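Here the structure comes first, spelled out in structure tokens, and everything after it is commentary.
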Amino acid sequence: MRDGVVVVGAGIAGVACARELSSAGIPVQVRERGRVVGGRMASRRFDGRPADLGAAYLTVSDPEFAEVVRGWQAAGLAREWTDTFVAYDGESCREIPGPMRWAAPRGLRSLAEQLGRDLPVETDRAVGGVGPGPTVDGEAYAAVVLAMPGPQAASLLHPELVAATESVEQQRWSPTLAAMLRFPSRRWTDFRGAFVNSHPLLSLVCDDGDRRGDRAAVLVAHTTDAYAARHLARPTAAGPEIEAAVRDLLALPDRAEHVHVHRWTYAKPAGGDTPVTSFHLDADGIGLAGDAFGEPRVQTAWRSGRDLGRALARRLA
């Protein structure tokens, strides 16, 4: 497949990139080391019900992304959720209006799955290394796209690929733990989502039953990066402390029936210089895409993949 492109990573950036290439008639393969597509748009099922453990929602400002979201909405995969969160600042709580936040009744992963339909995606396909040529595991291609957090891309890049290596080394990432908490009943005041400021443990809590639209007694909490960093080795052990913090924040009388903690070592880009472009593409034929090239948003990752796919299509046409 010397005239084709390999996209490594089937998150929203990788899938968006592959779709642009496929639409332009460029042969493309997508390889994903995990069992499913979606990346950090992760949804996991508990007793048959999905809960979003990665991205909490998506917002829309790009006109083309708005068209994609309207397609998801028409298919029953996405819905407008809320334009108002609350913010906890110590003892005070206030409402914060903002942009419309979109949610997915079947989980945000279903959106990436729909976008990747009809694409040649191989899951459970880990890549060992990317070398000059470019090559993937020793096989030559016209170009290779790494659609993943910089530290993960760096572990695959051969030292001779200087430009790509320098680009990923500029990225800084912060971790988080995401906890799904299922309670016996809904015993909290409706709040949809809450930013938790200046808290030693919590940063965000979402009402997943409201987000999903089924009113299930399920909350999803995200921790601060500092707390997560101390518990990356044993994330499950942090479950009781996260549950206690959520119950204290919302004054909940009942203990959770089930707590599941997911570790995100590279949850979102943090700090560093603002990228000049929405992607990286160098003379070695190595492309990088994702939300590190802008604000940490689903839309940013999609736009990065779209733009890189179009740039590669022009180069390879």
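The values are calculated or read from the model by the stated rules, or taken from the named source; none is laboratory data. On a predicted model such as this, the values are computed, not experimentally measured, just so you know. Backbone-built Cβ (ideal geometry, glycine too); neighbour counts: all protein chains shown. To get the accessible areas, we keep the full protein, side chains included, count just its heavy atoms, and leave off ligands, DNA and RNA. Shrake-Rupley method; radii C 1.70, N 1.55, O 1.52, S 1.80 Å.
Worth pointing out:
- Local charge for ALA140 was computed over the other residues whose Cβ lies under 12 Å away, with Lys and Arg +1 and Asp and Glu -1, and equals -2.
- Ellipsoid semi-axes in whole angstrom, largest first, where each is sqrt(5λ) of the Cα gyration tensor of segment 225-274: 26, 14, 9
- Debye, to nearest 20: dipole size of segment 191-236, +1 on Lys, Arg Cβ, -1 on Asp, Glu Cβ: 100
- Net charge over other residues, Cβ less than 14 angstrom from the Cβ of GLY193 (K, R count +1; D, E count -1): -3
- Contact order, relative form, for segment 55-146: 21 percent (alpha carbon pairs under 8 Å, 6 or more residues apart, mean separation divided by residue count).
- Note on the chain: helix-only mean residue ellipticity at 222 nm, from DSSP H runs of 4+ residues weighted -39500 (n - 2.57) and normalised by residue number, equals -8000 deg cm²/dmol.
- Computed over protein heavy atoms with a 1.4 angstrom probe, the accessible surface ordering of ASP89, ASP210, ASP3, ASP47, largest first, is ASP47, ASP3, ASP89, ASP210.
- For segment 195-317: accessible area per residue (Å², 1.4 Å): 45
- Segment 186-267, accessible surface, carbon-and-sulfur percent (1.4 angstrom probe): 47
- Residue with peak Gaussian network fluctuation, the chain [Cα springs, cutoff 10 Å], from ASP118, ASP284, ASP208: ASP118
- GNM remark for the chain: springs join alpha carbons under 10 Å apart, and the peak mean-square fluctuation among ASP225, ASP207, ASP190 falls on ASP190.
- Percent RCO, i.e. relative contact order, over segment 266-307, from Cα pairs under 8 Å lying at least 6 residues apart: 35
- For ALA270, the residues whose modelled amide H falls within less than 5 Å of its own, excluding neighbours fewer than 5 places apart on the same chain, are ARG172, TRP173, SER174.
- Among ALA147, THR123, ALA78 the positive-end extreme of the charge dipole of segment 15-147 (Cβ point charges): THR123
- The Rg/Rh ratio for segment 9-94, using Cα coordinates for both the radius of gyration and the Kirkwood hydrodynamic radius, is 1.06.
- Expressed as a whole percent, the proportion of Cα-Cα pairs in segment 247-317 lying more than 20 Å apart is 50%.
- Neighbour-limited loop hits for trypsin sites (Lys or Arg not before Pro), segment 89-167 (at most 13 other Cβ within 10 Å; DSSP other than H, G, I, E, B): ARG117
- The convex hull defined by the C-alpha atoms of segment 91-225 has an orientation-averaged projected area of 12.3 nm².
- Extension gain, ASP83 back to THR236 (0.36 nm per residue minus Cα-Cα distance, nm): 51.8 nm
- The chain: relative contact order as a whole-number percent, Cα under 8 Å and 6+ apart: 23
- With K and R counted +1 and D and E -1, the other residues having a Cβ less than 10 Å from that of PHE293 yield a net charge of -2.
- Of all DSSP beta bridges in the chain, antiparallel share, percent nearest 5: 70
- Note on segment 57-131: the C-alpha convex hull projects to 9.0 nm² when averaged across all orientations.
- Under a 5 Å amide H cut-off, with hydrogens placed 1.01 Å from N, VAL8 pairs with ARG31, VAL145, LEU146, ALA147 among residues at least 5 apart or on other chains.
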